[in-house]
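A short write-up of the structure that comes next.
The values are calculated or read from the model by the stated rules, or taken from the named source; none is laboratory data. Since the structure is predicted, the reported quantities are computational estimates derived from the model, not experimental observations. Because the Cβ atoms are built from the backbone with ideal geometry, glycine has one as well, and the counts that use them run over all protein chains shown.
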Amino acid sequence: MPDLHVVLGATGAIGSSVVAELTARGHEVRAVSRNAEGPQGFQADITTADGAAAACAGAAVVYQCAQPPYARWAEEFVGLTDTVLTGVEKAGARLVMADNLYMYGPVQEPLHEGLPNAAAFPKGRARARVAEMILNAHREGRVSASLGRASDYFGPGGLNTILGPQIFAAAVAGKTARWIGEPDEPHTVSYLPDIAAGLVTLGEHPKADGYAWHLPVAPPTTGTEFLDLVWEAAGGRPRSASLGRGMQRLIGAFNPVVKELGETWYQRDRDWIVDDTAFRAAFPEHVRVTPLDQAIAATVTWFKRRA
């Protein structure tokens with residue numbers, strides 16, 4: 001049986017973390033991206049059928065960590081997923097999808113895998129459709145597949161995230177670190193190396209197939225607590241602030257990136273707590289959760305080196 005593990009979107013934050021985790025566990029890795037480099041790198045455009053087939057050929061497991069630009073999810077994510085599924089099916093590989101929590105929409109309880117896909121906004125509907133496509137392909141016998149879901153993430157390499165530059169890079173530079181949302185509401189955050197560990201565990205265990213899983217996370221924190229830990233690790237005079245809904249609307253009027261946050265503001269104005277009980281029960285010997293202070297310190301160190 002082949003032990004080739006293929007990572008799609010291998011130069012992104014999650015993809016590169018998965019490559020590192022697979023390598024550390026001794027797997028043969030093919031790191032796929034459009035601009036791949038190095039001995040593990042493999043150049044392919046997986047938005048095309050030929051590119052996806054070439055990328056997945058010979059794989060035992062494929063980790064789908066690629067995604068369209070954030071503003072293009074509604075238009076492009078379903079098509080990308082269809083192409084990837086065809087490539088995985090042709091290879092006879094198992095599929096692990098790096099997923100998020102958008103499909104649930106606004107909730108008033110801890111998030112668990114039994115919640116319906118109730119999102120009513122374009123990005124949430126796209127993520128729901130992608131998840132349904134993958135699980136339907138599993139039920140139909142086209143592929144064996146699982147999904148690993150994570151919350152807002154941070155960590156080494158985490159640049160395109162609301163917990164990235166505006167907090168860590170700002171603190172390292174001695175500028176104001178800004179939490180987006182209500183600073184005193186409990187909020188689950190995910191650490192990139194822990195996400196990768198969870199996804200690889202799904203890839204190593206076929207019993208994960210056919211299900212969506214919330215990847216293991218530390219207890220929820222608040223924006224205030226998070227920023228305090230960032231400054232403790234970064235040193236210097238703490239300068240912290242939060243960006244509320246009113247300011248998001250104002251800035252979003254001329255900043256399209258900030259404007260995009262409006263769709264998911266419900267994740268930032270109330271409790272946002274992820275229940276990872278199912279994963280912990282199914283894979284008790286494979287739960288890896290880095291303590292929040294250690295995860296933040298490692299992320300600060302990475303941003304300092306990058307600066």
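The set of residues from segment 283-300 being in a helix (DSSP H, G or I) and either closer than 19 Å to residue 221 by Cβ or under 21 Å from the mean Cα position of the chain (by Cα) (or both) comprises 286, 292, 293, 294, 295, 296, 297, 298, 299, 300. Can you spot a residue in segment 103-116 that is touching a Cys at 6+ places or on another chain (Cβ under 8 Å), assigned to a helix (DSSP H, G or I) and of a type in the set (A, V, I, L, M)? Checked segment 103-116: no residue is touching a Cys at 6+ places or on another chain (Cβ under 8 Å), assigned to a helix (DSSP H, G or I) and of a type in the set (A, V, I, L, M). Check segment 266-274 and report whether any residue there is modelled with pLDDT under 95, polar (S, T, N, Q) and crowded, with 16+ Cβ neighbours inside 10 Å. Yes. Among the residues in segment 136-143, are any at pLDDT below 95, outside any helix (DSSP H, G or I) and out of contact with any Gly (no Cβ under 8 Å at 6 or more places or on another chain)? No, segment 136-143 has no match at all. Among the numbered conditions (1) in contact with a Ser or Thr (Cβ under 7 Å, 6 or more places away or on another chain); (2) of a type in the set (D, E, K, R); (3) surrounded by fewer than 20 Cβ atoms within 10 Å (Cβ to Cβ), the only one that residue 175 does not meet is (1). Candidates are the residues of segment 31-60 that are among the charged types (D, E, K, R) and out of contact with any helix residue (DSSP H, G or I) (no Cβ under 7 Å at 6 or more places or on another chain); the one that is surrounded by the fewest Cβ atoms within 10 Å (Cβ to Cβ) is 37.
Does residue 167 satisfy the criteria of being in contact with a strand residue (DSSP E or B) (Cβ under 7 Å, 6 or more places away or on another chain), under 18 Å from residue 223 (Cα atoms) and not in a helix (DSSP H, G or I)? Here the answer is no, as residue 167 does not meet what is asked.
For every residue, the table says whether it meets (1) closer than 30 Å to residue 95 by Cβ; (2) touching a strand residue (DSSP E or B) at 6+ places or on another chain (Cβ under 9 Å).
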{"residue": "220", "(1), (2)": "yes, yes"}
{"residue": "235", "(1), (2)": "no, no"}
{"residue": "259", "(1), (2)": "no, no"}
{"residue": "288", "(1), (2)": "yes, no"}
{"residue": "293", "(1), (2)": "no, no"}
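Taking segment 13-82 as the region of interest, the strands (runs of 3 or more DSSP E) fully inside it that hold 3 or more residues being out of contact with any Pro (no Cβ under 7 Å at 6 or more places or on another chain) and free of Cβ contacts under 8 Å to residues at least 60 places away in the same chain are 28-33, 41-43. Whether a residue is of a type in the set (A, V, I, L, M), in contact (Cβ under 8 Å) with a residue 60 or more places away in the chain and either more than 17 Å from residue 297 (Cα to Cα) or surrounded by fewer than 23 Cβ atoms within 10 Å (Cβ to Cβ) (or both) was assessed, and residue 167 does not pass this test. In the set (1) part of a helix (DSSP H, G or I); (2) without any contact (Cβ under 8 Å) to a residue 12 or more places away in the chain; (3) not acidic (Asp, Glu), residue 280 fails one condition alone, (2). Here residue 10 clears all of (1) at pLDDT 95 or above; (2) under 23 Å from residue 122 (Cα atoms) except the condition numbered (2).
Can you confirm whether residue 261 is at pLDDT below 95 and over 30 Å from residue 197 (Cβ atoms)?
Judged against the criteria, residue 261 is not a match.
Scan segment 104-156 for residues that are free of Cβ contacts under 8 Å to residues at least 12 places away in the same chain and either under 21 Å from residue 197 (Cα atoms) or not aliphatic (A, V, I, L, M) (or both) and the total you get is 5. Restricting attention to segment 176-191, does a residue exist that is of a type in the set (Asp, Glu) and under 19 Å from the mean Cα position of the chain (by Cα)? Checked against the condition, which is being of a type in the set (Asp, Glu) and under 19 Å from the mean Cα position of the chain (by Cα), segment 176-191 yields no hits at all.
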